[in-house]
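Take a look at the structure below.
The values are calculated or read from the model by the stated rules, or taken from the named source; none is laboratory data. Note that the structure is a prediction, hence the values are computed from the model and not measured. Neighbour counts run over all protein chains shown; Cβ positions are idealised from the backbone, glycine included.
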Amino acid sequence: MAEFTLHTEQTAPEASKPLIANSKAAFGMLPNLHAVMAEAPTLLEGYQVLHTLFQNTSFNAEELTVVWQTINVEHHCHYCVPAHSAIAASMNVDPAIVDALVNNTPLADKKLDTLRETTLAMTQNRGVISDEQIDAFFAVGYAQQQLLEIVVGLSQKVMSNYTNHLAKTPIDTPFKAFVK
């Protein structure tokens with residue numbers, strides 16, 4: 001089995017060094033996911049860019065969490081589920097929402113649950129969803145913009161979830177409290 005390197009600013013490829021500095025500035029630490037991604041500077045840069053872009057969508061903190069965690073849970077990502085539970089806590093997302101997402105159960109809020117169902121359908125079916133699912137999404141107040149913004153979150157999560165599957169990324173200490 002291949003063992004992936006957890007890079008530091010000293011061991012990372014030259015092109016990843018400023019990206020690692022960005023990660024440390026944003027998170028107050030170098031998350032192990034980013035340390036692994038540093039092996040491929042374009043992967044780490046792409047992930048950082050998509051993360052920023054997704055945070056700048058029209059979704060609020062709860063909606064971002066719904067998209068991220070729905071995908072993480074569906075992809076069975078051992079690293080991203082606790083990491084995004086910690087991120088949700090830092091964004092003051094209701095713990096009941098996070099618990100429902102982690103346990104793959106419906107959300108109490110109909111609009112958020114429709115976002116969860118739509119994200120899940122897009123993830124499971126590689127973006128192919130029924131007209132009925134799209135109509136249900138629009139019926140709760142979302143628009144084409146938000147449907148397309150899910151694609152940004154999904155793209156970001158494919159990068160991280162797949163990297164974690166390949167590397168078996170160790171969970172960072174601050175995230176371990178969120179392992180279920």
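General observations
- Applying the criterion of being in a helix (DSSP H, G or I) and without any contact (Cβ under 8 Å) to a residue 24 or more places away in the chain to the residues of region 52-71, the residue that is nearest to ASN22 (Cα to Cα) is THR52.
- Positions within region 29-45 being buried (at least 16 other Cβ atoms within 10 Å of the Cβ) and part of a helix (DSSP H, G or I), in sequence order: ASN32, LEU33, HIS34, ALA35, VAL36, MET37, PRO41, LEU43, LEU44, GLU45
- For beta carbons closer than 9 Å, sequence separation of 6+ or different chains, a first residue in region 94-121 that is at negative phi and without any contact (Cβ under 8 Å) to a residue 12 or more places away in the chain and a second that is of a type in the set (Lys, Arg) and assigned to a helix (DSSP H, G or I), the qualifying pairs are ALA100/ARG116; PRO106/ARG116.
- Checklist (1) in contact with an Asp or Glu (Cβ under 9 Å, 6 or more places away or on another chain); (2) surrounded by fewer than 18 Cβ atoms within 10 Å (Cβ to Cβ) applied to ALA167, failing item: (2)
- Elements of type helices (runs of 4 or more DSSP H) in region 72-172, at least 3 residues being within 16 Å of the chain's Cα centre (by Cα): 80-90, 95-102, 110-124, 144-167
- Qualifying residue in region 96-105 (condition: of a type outside the set (A, V, I, L, M, F, W, C) and surrounded by 14 or more Cβ atoms within 10 Å (Cβ to Cβ)): no
- For the residues GLU39, GLU9, GLU14, GLU45, the requirement of being farther than 22 Å from MET122 by Cβ and modelled with pLDDT under 95 singles out GLU9.
- Test: residue in region 63-75 that is out of contact with any strand residue (DSSP E or B) (no Cβ under 8 Å at 6 or more places or on another chain), of a type outside the set (Val, Ile, Thr) and exposed (fewer than 15 other Cβ atoms within 10 Å of the Cβ): no
- One residue stands out among those in region 135-150 that are exposed (fewer than 14 other Cβ atoms within 10 Å of the Cβ) and of a type in the set (A, V, I, L, M): the one that is nearest to LEU43 (Cα to Cα), which is LEU148.
- The residue that is surrounded by the fewest Cβ atoms within 10 Å (Cβ to Cβ), among those in region 106-129 that are of a type in the set (A, V, I, L, M, F, W, C) and in contact with a Leu (Cβ under 8 Å, 6 or more places away or on another chain), is LEU107.
- Residue within region 51-65 that is at pLDDT below 95 and over 19 Å from LYS24 (Cα atoms) present: no
- Any hit, region 47-60, residues being farther than 30 Å from ALA143 by Cβ, surrounded by 14 or more Cβ atoms within 10 Å (Cβ to Cβ) and within 16 Å of the chain's Cα centre (by Cα): no
- Boolean, THR65 is over 17 Å from GLN156 (Cβ atoms) and β-branched (Val, Ile, Thr): no
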